[in-house]
Amino acid sequence: MDPVWNLSGRRATQVAYGIGGLAKWLPRHPGRTLTLLADPAVADSEAVDQLSACAVWAGRTVERLVPDGPGTLESVTALAERLHGSDVVLAVGGGTLIDQVKLAVLMSAAPVVRERLAVRQRSGLVLLPAEAEPAIPLVTVPTTVGTGSELSGGMCLAGPHGKRLVLGNGLQPDVAVLDPVATRTLPVELLAEGVLEVFFRVAGMYVGDPRDLPSEDAFALTLVERLTALGAELAAVRDADGAPGDALRLEIAKLSGVSHGPWFNLGRDPCACKGWYLANELSTGLGLRKMTAAAALLAPLWRRIAEGDARWGSARRLRRLWQTVTSAHRPALPADPVEGVTALLDAWRIERGTDASEERTELIARATTRAWGDGLPTLGALTLADVRQVLAEATGQRA
């Protein structure tokens, strides 16, 4: 039987297209106030102003906060204390801000969550108690794309030894509001990286588990096909020195969140996307954006899969996935997945340059193995030597 990591009676996040959806949702929930937490980068944005006006129209008194904590357990604990007793919480920002608010809202109602997170452990993965449930309704408005935090039951928590992946259904927001006005401040290169982040996550899960799941596979490949088409469309806009329109940004935002839907991966190994763990540690260790690290890792990872190392993933399923990509992408891409994914990254203008000494790479390899390997299910049978070789190739060294 496949492992079940977390179950609760909490229902899936509702999705509203357009800020006006908030005005329809608020009157159905008790309370007179709304606590709006905005990422510092968008605190004075058009989206925040429209959301505030919408809440006032619905009869709410709005209190605005701009959290600037580092996203550690201590800073999130302080935020949880600040939010205790709120009627409704509205989080406006990127994945980092939404992650912090999700955890703070849950901690304000369930002290056991902080107790679980305060336990010292080497694993980078923390599973929260299934009975931990939030007491305050949470609405999220993402201003970036890629993480899909607005629709997921997971978050990343900063710590002294890197970021930990925290999973729990109690982290699931009540409502996600998707509106292109919220992503208008997002630079186009980060929009492209957002498409790659969803692609990296979905492809990693699909290729990483060798089992064929006909319905789930069909969903995943359809999503990959759509992501590929959107990535190519965005690249064409950039090549023409244009600006992506509202419709394109909204389509990308839709797929960002929906990729966390359980129907894509039901029955799969939840640890199938090995590349995520390496990208997490490489980006932290070198101070890179997550997708710069992921882009540097894709070819080395896929090379090992294509050569038949099943510990990283299925060569057969990689070929099938790449056929889906090549059929959807214009201009045409090479038929070989390893050569092709490099061409894809170039076409989408994704930065993947990394620079690390052998000593630094060794430290990152050891940190990766300590947090995700050495007997933990996340990296499975992969060893320090395996991780070291992939990281060395990703950073331009000889393995």
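Readers should treat all values here as calculations from the given coordinates under stated rules, not as data from a laboratory. Remember, predicted model here, so these are calculated numbers, not experimental data. Note: ideal-geometry Cβ built from the backbone for every residue, glycine included; neighbour counts use all protein chains shown.
A few remarks follow.
- The chain: most fluctuating residue of Asp87, Asp217, Asp355 per GNM, C-alpha cutoff 10 Å: Asp355
- Here the Karplus relation 6.51 cos²θ - 1.76 cosθ + 1.60, evaluated at θ = phi - 60°, turns the backbone of segment 89-103 into coupling constants of 10, 10, 10, 10, x, x, x, 5, 5, 4, 4, 4, 5, 4, 5 Hz, with x for every Gly and Pro.
- Put simply, when 56-66, 282-292 are sorted by average Cβ atoms within 10 angstrom per residue, most first, you get 282-292, 56-66.
- Highest mean packing comes first when the peptides 97-106, 110-119 are listed by Cβ atoms within 10 Å, giving 97-106, 110-119.
- Taking θ as phi - 60° and the Karplus parameters 6.51, -1.76 and 1.60, the scalar couplings of segment 251-264 work out to 4, 5, 4, 4, 6, 4, x, 5, 5, 8, x, x, 5, 6 Hz in sequence order, x denoting glycine and proline.
- Based on Cα atoms of segment 188-394, Rg over Rh with Rh as the Kirkwood radius reads 0.95.
- When the P(r) of segment 15-137 is calculated, the portion above 23 Å amounts to 34% of the C-alpha pairs.
- Within segment 62-101, backbone nitrogen closer than 14 Å to the virtual label 7 Å beyond the Cα of Ala41 toward Cβ: 92-99
- Qualifying lysines (Cα of each under 21 Å from Cα of Lys290; at least 8 residues distant if same chain): Lys102, Lys163, Lys254, Lys274
- For segment 270-361, applying the loop criterion from DSSP together with a ceiling of 11 other beta carbons within 10 Å to the GluC sites (Glu not before Pro) yields Glu307.
- For the chain, built as a Gaussian network whose Cα springs stay under 10 Å, the top-fluctuating residue of Gly168, Gly153, Gly85: Gly85
- Dimensions of segment 63-123 from C-alpha coordinates, computed as largest minus smallest value along each principal axis and given longest first, are 37, 23, 14 Å.
- Close amide H contacts of Ala16 (hydrogens built in the peptide plane, cut-off under 5 Å, sequence separation of 5 or more or a different chain): Ala176, Val177, Leu178.
- To the nearest ten degrees, helix 337-347 and the longest principal axis of the Cα atoms of the chain are 50 degrees apart.
- Loop-located chymotrypsin sites (Phe, Trp or Tyr not before Pro) in segment 297-382, at most 15 other Cβ atoms within 10 Å (DSSP): none
- The alpha carbon gyration tensor of segment 229-347 gives principal lengths a ≥ b ≥ c with a/c below 1.5, which makes the shape rounded.
- In degrees, nearest ten, helix 358-372 long axis to first principal axis of the chain (Cα): 60
- Helix 274-286 and the long axis of the chain differ in direction by around 80°, with both axes built from C-alpha atoms.
- Rule-of-thumb Rg ratio for the chain [Cα; 2.2 N^0.38 Å; N residues]: 0.96
- Derived scalar couplings between HN and Hα for segment 212-224 equal 8, 10, x, 6, 5, 5, 5, 4, 5, 5, 5, 5, 4 Hz in order, rounded to whole Hz, by the Karplus curve 6.51 cos²θ - 1.76 cosθ + 1.60 (θ = phi - 60°), x for Gly and Pro.
- Placing dummy labels 7 Å off each Cα toward the beta-carbon, the span from Arg11 to Ser357 is 5.7 nm.
- Annotation: amide H-H contacts under 5 Å for Thr185 (H modelled 1.01 Å from N, sequence separation of 5 or more, or interchain): none.
- Sorting 43-49, 186-192 by average packing, meaning the other beta carbons within 10 Å per residue, from highest down gives 186-192, 43-49.
- Close amide H pairs (under 5 Å, H built 1.01 Å from N) link Arg64 with Leu36, residues at least 5 positions away or on another chain.
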